[in-house]
Structures are given as C-alpha cells and as structure tokens.
Amino acid sequence: MRSYAAQVTSLRVTDDTPVALRIVHKAANAVTSVTSNAGTLVLIDADGTTTITYATAGTTTIGGVADKINGLNNWDCKVLDGLRSQIVSAGSKFITGALTANVKNGELGYDLLADTSGTFFVPVRVTYDRSVGVGIPLAGHRVKIVNFSYVLDVGTAAADKVRIYEWDPVLFTETQIFSAVSIDSTSVVTTHDFSSAPITAKEGNDLIVVVTDAASLADAATTNYLQVVYVRE
Amino acid sequence: MASLESLQARSLAAQTVSGYIVDDKSIALELVYTGSNAVTSVTLTSATDLVLISTDTPTTVTSTFATDTTLGAVVDRINASANWKARILDGFRSTTTASSVLIPNSAVTAVTIGGESVYQIFIDGSEADSMAFRASYDRGVLRDDFGRVKTQVADRVGLNGWKQNAHRVKINKIKYSADVSGATVNGLRIYEIDSVTLAETEIWCANLVDDTVTSHDFGDFPIASREGNELVVAIVDSALADKSTNFLQVDYTRE
C-alpha cells in the first residue's frame, strides 16, 4: 500500500530560503508578532512575550532554540532545513525581520529562514512531513533520495563539503552517512544520482542534504540552488 | 488515509498522456460563458484589455490590464462576474499582463474542447520570454476532459464519484527545443500549484540547452504532485525567440 501512495517530489532551495525552523502558534489567543533579530527571536501573543537570545546557554544551537520553543505553552516548532547542532550564537544565522504567517499543507505557521551566506551552509531536509502539528505518524513512513543537484558559488571546492545526514527522532542523533567534494560554480550543475539505488532512511527518520564551505558561500540570486528529488512513502 | 482498494483503483485507471506546445500556443486563460443568453463578443486588445460582451445584464465585463496586472487578477475579475468563468492553464497567477504578452490581439473565437465551448487566450512566447504547459488531471474549465461536469470544491464527490482531491499528476518526461539566450541556469522549471492555497512553488529546475532537442526523463521516479495539485513545466529565459522548431512536450500520468 505504501508504494501505491508513494510520491516522488522535489524540493529546491535558493539563497536565504531554507526554512531553519517552522514555528506554529498552538494557543487559542491571537499572535501579535514573530520577529527575527540579529541576536534574538521574539514571539509575542496575547499572553505575553518570549524572547530567545542566541547567546544564552541552552539556546546557542538550532536544536537548543527549537527545544526552548517546544517547551513553551503557546508555541511549537520543528527543525527543517538545518541541523540541531548548528551554532547560532555568533554571526548572521537567520534572516532578520518580522515573520509573516503562511499556510503550508493546511497548517498556519512562520518560517525562520537561514542566512545561507552568513552560515556558509545550504541544507534541505528530506522528510515525509514538513508540518509541525499535523501529526502524521512517523512509523511506517520513510524517505529515499533519488538524486540531488546544485549550482552554488562556494568559496573553495573541498572534500567533505557535500554531505547527507540521517536524523533519528528517537535517538535524537544526526549521523553523517554520505560525503562528497563540493564544486564551485555559478553555471554548471553538479548532480549526484542515486536512481539505481536510492539512499533510504530508516522508517521514521529524515535525511538532510547539505552543501557547505569553510569560509564563504556567496549569494547569487539568479543561479544558486540546491535541489533534491526524493520519494516520500 | 486512502484505502488500499482506492489506491489500486487509481493506479489501474491511470492514463499516460502527452501535452505538446509550440510557439505562442501556451494557453494563458480559458473562458466559458455560463449565462443563459448569448455571447456577443470576446475581444482582446493585447496592450490594453480583455472585453467580454453578452446579451445579459450587465452586458460587459472588462479586465483592464493597467489595473489587472497579472493573470491572477484577470481570472479573479472574470470569476467574480455573473455569467463568465475562467481558468489559468499554461501560465501562472503571477504572469504579467503587460507588454502585449497576451494574444491574439483581436476578437477571440470559441472552440469546443471536451464538450465545452471555450475562448482561449494565449501567451506570446517571445514577449513573455517563456513557454509553459500545465499537467493537470483535466484541462477543462467547468467540464473535465471526458466532458463531465466537475466541481472545484475539495472533497466534493461528483456525478461519477469523482473527487478532485484524490487525483494527482506525475511528470514522466520533458522534451523541448527552444531558441533561448544560452545555457540559462534555472531556465527549465517545474512548479507545483496548490489547488487550495493557489501557491505556485518551484520544486525542480535544470539548465536550458539552446536550440537543441533536449530531454529530461524521470524514469522510475516521475515527479508527482500531491493529491489535488497540478504541475506546470516552464521554459523561462531572458530572450526566447520565435522559431518554427520551438516546442515543449510533457509526458505525464494523470491518476
């Protein structure tokens, strides 16, 4: 039955569009604002204000910020295009400004976007469900990467700068399972094709494809992208 | 979640079809008259407006492109009128109506497709620097490709138990030749159109190849929409020139 319902889809990110955190408001009262600042994330609703400061111990990583939000009564979130272990306490990690609510897969939420040139990190999370609160059971579902392609203006082509991680939501581990050399270009597409043997996550796990650089990943609005074709079943 | 039987039935009933677009034949809009009187005229002035005249009251619906600057605005205006309905096909809600992108620059004659009398407005590829094709379960406005009356409401069960929400499309292969500026990054694109939110999200791309028949075969992993959604394949460039050999072909499965 899973194979009949399986969907092959593609997810593409460009400069500053990876969704580091998907945030939803789960209380009945109204949201006033969700604002991303250089060193803080501020969540305001009718019950009050929560300010998460990235330099504070416990919220210096994406995972720490996510855990803080999920510990609040009125808010929930999910780490999407990023790793829990990514440091956010220094430098420009997120796109700043007021976050506007949007509806994705029937869920109203807010996207905290990653600053790709600030982090030198372009990630895409391959997951069965990109929602926070819809609550599709993970057991029985899995994802498989068919191929991924990119054109990215990285600083220096280098070994182990193209990676795939597997996220285990039970063990709470992010394990690197694939590595390749990065290619620097603003025009030539680099493709890793697994169509004869797709990289398959364990049931319930996610896969995160990452292209990164040690020193820089310049914005190139018309050419930069990372795209992953995958099966969700 | 759907039952195993319904998924098996959907798979058995699946149909693989092909859409083929040549120069200036991407259909921006299809319009149908829904009133009980008669159509007087449908006239497009490319740089200015689209005027629909019937013998109803009010007689005239005008979409002025200086106000309705996108196809989405044009369709919304038409669909808000009493006696006309419209649908965007091989274009996007964000497609501009400026710069004489829409053709023909004249009166538009109705054609019958799938038992439905429709007026077709096309996109001038060299003006828009784009050509596109929408892979949809059906390409009708009020009737599906089998001539059955359909609804646009999610989960509505139609005359033959047909539920729009349970259908999807899968792109098996894209083939094209287009006289473009060069190997444009992100020049060949697939968008997924959300039938509920109307969001148009780019999900896949490839570099263009200039003036050479080029194929992208998704083989055992055809790109599939979510249930109820559609996929639009588009060639987007800075300088798409008219040429008799230009074409875009999309082989897809509708199920």
* Structure fact -> Filtered pair list for chain B (Lys only, Cα < 30 Å, 8 or more apart or interchain) has a length of 17
* Structure fact -> Taking only the alpha carbons of the range A:1-49, the radius of gyration and the largest Cα-Cα distance, Dmax, both in angstrom, are 17.3, 47
* To do: Run down the aspartates and glutamates and flag those whose C-alpha is under 15 Å from the C-alpha of residue A:68, throwing out any fewer than 8 positions away in its chain.
  => A:76
* To do: Take each of the peptides A:178-189, A:69-80, B:167-178, average the number of other beta-carbon atoms within 10 Å over its residues, and list them starting from the highest.
  => B:167-178, A:69-80, A:178-189
* **Burial ordering of B:134, A:142, fewest other beta-carbon atoms within 10 Å first** => A:142, B:134
* Asked: Over 20 Å between Cα atoms, which of A:26/A:93; A:78/A:104; A:78/A:161 qualify?
  -> A:26/A:93; A:78/A:161
* To do: Report the relative contact order of chain A, percent, no decimals, based on alpha-carbon pairs under 8 angstrom and at least 6 residues apart.
  => 26 percent
* To do: Calculate, for residue B:3 and residue A:73, the FRET efficiency according to 1/(1 + (r/R0)^6) with r their C-beta to C-beta distance and R0 41 Å; round to the nearest 0.05.
  => 0.60
* Asked: Highest GNM mean-square fluctuation, chain B, Cα pairs closer than 10 Å: which of B:141, B:149, B:111?
  -> B:111
* What is the distance, in nm, between label points placed 7 Å from the Cα along the Cα-to-Cβ direction at residue A:32 and at residue B:80? -> 3.5 nm
* Which whole-number percentage describes the relative contact order of the range A:108-233, with Cα contacts under 8 Å and a sequence gap of 6 or more? -> 43 percent
* Based solely on its DSSP helices, what 222 nm [θ] is calculated for the protein assembly as shown when runs of n ≥ 4 H residues each add -39,500 (n - 2.57) and the sum is averaged over all residues, nearest 500 deg cm²/dmol? -> -2000 deg cm²/dmol
* Mind checking which lysines have their C-alpha under 16 Å from residue A:144, skipping anything on the same chain fewer than 8 residues away? -> A:202
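A short reminder: the numbers here are calculations on the coordinates, not readings from a lab. Worth saying up front: this structure is predicted, and the values here are computed from it rather than measured. Cβ atoms come from the backbone with ideal geometry, glycine included; neighbour counts cover every protein chain shown.
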